[in-house]
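Novice: First, the structure itself, so that you have it in front of you.
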Amino acid sequence: MGGQHEWRVAPDAGRPDGRACAHLDLMDDWRLMEDCRPAPAASPATCTDCLARGTTWVRLRQCVTCGHVGCCDTSTGRHAHGHHVESGHPVAVSLAADEDWAWCFPDEVFLVRAGGDAADPPAGRGPHRREAP
Ligand SMILES: [Zn+2]
Ligand SMILES: [Zn+2]
Ligand SMILES: [Zn+2]
């Protein structure tokens, strides 16, 4: 412990046992990618798997390892999860404007920014809690 990370495991993520995440180093790298990526308006993110199938998505997640964009588990395709299964890449960050967190698939924890006033806890609307349409 003792490392300075930009992100940390959300304290209230529906996991009262406080599981750890071994992938916070990835999030430090992600911040750098974030600084370098083009403005969202110039290149709107899409789920290419959904576009190929003609389906729609609810929210988008971006893989912090390779930048792949896929849809969330509330979406029909669940392509972000599919990408994790195929690639083994562990963490996807939400691209939704009203969400400021990432999800670690293997550890099943939310990650939030450590600095400043953290975003709303994502409790109740996590990737594995499917809401009725
Ligand atoms: Zn993790
Ligand atoms: Zn999709
Ligand atoms: Zn990936």
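The values are calculated or read from the model by the stated rules, or taken from the named source; none is laboratory data. Because the structure is predicted, anything quoted here is derived from the model rather than measured. With ideal geometry, Cβ positions are generated from the backbone for all residues, glycine too; neighbour counts draw on all protein chains shown.
Novice: Residue by residue through the range 74-101, note down the ones that are closer than 19 Å to residue 52 by Cα and among the polar types (S, T, N, Q).
Specialist: 74, 75, 76
Novice: If you don't mind, there's one more thing I want to ask. Any residue at all in the range 113-130 that is modelled with pLDDT of 95 or more and within 15 Å of residue 26 (Cα to Cα)? Break it down into steps so the answer makes sense when it comes.
Specialist: Residues of the range 113-130 modelled with pLDDT of 95 or more: none.
Checking the range 113-130: not a single residue is modelled with pLDDT of 95 or more and within 15 Å of residue 26 (Cα to Cα).
Novice: Which is at pLDDT 85 or above, within 16 Å of ligand 1 (Cβ to nearest atom) and among the charged types (D, E, K, R), of 49, 29, 25, 17?
Specialist: Details: 49 fails: within 16 Å of ligand 1 (Cβ to nearest atom); 29 fails: at pLDDT 85 or above; 17 fails: at pLDDT 85 or above.
That would be 25, the only listed residue that is at pLDDT 85 or above, within 16 Å of ligand 1 (Cβ to nearest atom) and among the charged types (D, E, K, R).
Novice: Next question. Residues that are modelled with pLDDT of 75 or more and not in a loop (DSSP other than H, G, I, E, B): does the range 54-61 have at least one? If you could, list the steps in order and put the result at the bottom.
Specialist: Just the residues of the range 54-61 that are modelled with pLDDT of 75 or more, to begin with: 54-61.
Checking which are not in a loop (DSSP other than H, G, I, E, B) leaves us with 60-61.
Yes: one or more hits.
Novice: When you check residue 85 against the structure, is it outside any loop (DSSP other than H, G, I, E, B), more than 13 Å from ligand 2 (Cβ to nearest atom) and modelled with pLDDT of 95 or more, yes or no?
Specialist: Values: outside any loop (DSSP other than H, G, I, E, B): yes; more than 13 Å from ligand 2 (Cβ to nearest atom): yes; modelled with pLDDT of 95 or more: yes.
Spelling it out, residue 85 is indeed outside any loop (DSSP other than H, G, I, E, B), more than 13 Å from ligand 2 (Cβ to nearest atom) and modelled with pLDDT of 95 or more.
Novice: Just to be sure, is residue 37 away from ligand 1 (no atom under 14 Å from the Cβ), among the basic types (Lys, Arg) and modelled with pLDDT of 95 or more?
Specialist: no
Novice: I need the full set of residues from the range 64-82 which are more than 9 Å from ligand 2 (Cβ to nearest atom) and part of a loop (DSSP other than H, G, I, E, B), in order please.
Specialist: 64, 65, 66, 67, 68, 73, 74
Novice: Condition check: within 15 Å of ligand 1 (Cβ to nearest atom), more than 14 Å from residue 21 (Cα to Cα) and free of Cβ contacts under 8 Å to residues at least 40 places away in the same chain. Does residue 65 satisfy that?
Specialist: Details: within 15 Å of ligand 1 (Cβ to nearest atom): yes; more than 14 Å from residue 21 (Cα to Cα): yes; free of Cβ contacts under 8 Å to residues at least 40 places away in the same chain: yes.
Answer is yes for this residue.
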